[in-house]
Each structure stands twice: as C-alpha cells, then as structure tokens.
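*Asks:* Structure provided below as structure tokens; questions to follow.
The values are calculated or read from the model by the stated rules, or taken from the named source; none is laboratory data. These numbers come from a predicted model, not from an experiment. All Cβ positions, glycine included, derive from the backbone under ideal geometry; neighbour counts span all protein chains shown. Side chains are part of the model used for accessible areas, which takes the heavy atoms of the whole protein and leaves out ligands, DNA and RNA. Shrake-Rupley method; radii C 1.70, N 1.55, O 1.52, S 1.80 Å.
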Amino acid sequence: MNTWSRNLRLLRKQQGISQKELGRKLGVNASRIRDYELGVCEPNLDFLVKLAEYFHLSLDDFITRDL
C-alpha cells in the first residue's frame, strides 16, 4: 500500500464517512474507493486533486506525507 492510499483510508475514517458516502460525494462507487485504499488501482491526476481538495490538503501532502 502506498502513502496516498493509507492517507485516503485514514482521512476517510477520521471523518467518520463510509466508502460509499465518499464515493457518492466524489462521483465514483464505493468499490472504486475500496480499490484505491487497497492500492489495487490508482486514480488519475484529476481524481487525486479532487481527493486532496476534499480533505483540504495540498496534493503534495496528500500523496507524499504520512499523516
């Protein structure tokens, strides 16, 4: 699992939202969020930016920093 995948899972859980709820807010299904968290697949750059913005982080912090 890479840094951004761990951060995605951690931030989602800290905010107390389900994979389904996050997916709905960002326009993808829950299985896509699960796959991202597990590192099974990687989002494109636009979606990474969307995730970073959703969690109020810079893209650099979201993908490189252990939160």
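*Asks:* Out of all the residues in the range 17-39, which are of a type in the set (D, E, K, R) and more than 20 Å from ASN2 (Cα to Cα)? Write out each step before concluding.
*Replies:* Let us first name the residues in the range 17-39 that are of a type in the set (D, E, K, R), namely 20-21, 24-25, 32, 34-35, 37.
Selection gives LYS20, GLU21, ARG24, LYS25.
*Asks:* To continue, here is another question. Starting from the range 1-25, keep only residues that are under 20 Å from ASN44 (Cα atoms), then list their pairs with residues that are open to solvent by less than 30 Å² (accessible area, probe 1.4 Å) and outside any helix (DSSP H, G or I) whose Cβ atoms are within a distance under 7 Å, requiring at least 6 positions of separation or different chains.
*Replies:* Filtered contacts from the range 1-25: LEU11/PHE55.
*Asks:* Does the range 18-37 contain at least one residue that is under 22 Å from ARG65 (Cα atoms) and either outside any helix (DSSP H, G or I) or modelled with pLDDT under 95 (or both)?
*Replies:* No.
*Asks:* Looking for something of a type outside the set (A, V, I, L, M), loosely packed, with under 15 Cβ neighbours inside 10 Å and on the phi > 0 side of the Ramachandran plot - is there at least one such residue anywhere in the range 14-29?
*Replies:* First, pick out the residues of the range 14-29 that are of a type outside the set (A, V, I, L, M): 14-16, 18-21, 23-25, 27, 29.
With the extra rule that they be loosely packed, with under 15 Cβ neighbours inside 10 Å, the set shrinks to 14-16, 18, 20-21, 24-25, 27, 29.
Checking the rest, the ones that are also on the phi > 0 side of the Ramachandran plot come to 16, 27.
Among the residues of the range 14-29, at least one is of a type outside the set (A, V, I, L, M), loosely packed, with under 15 Cβ neighbours inside 10 Å and on the phi > 0 side of the Ramachandran plot, which makes the answer yes.
*Asks:* Which one of LEU67, LEU57 is outside any helix (DSSP H, G or I), open to solvent by 60 Å² or more (accessible area, probe 1.4 Å) and not basic (Lys, Arg)? Steps first, answer last, please.
*Replies:* On the way: LEU57 fails: open to solvent by 60 Å² or more (accessible area, probe 1.4 Å).
Just a single option satisfies the conditions, and that option is LEU67.
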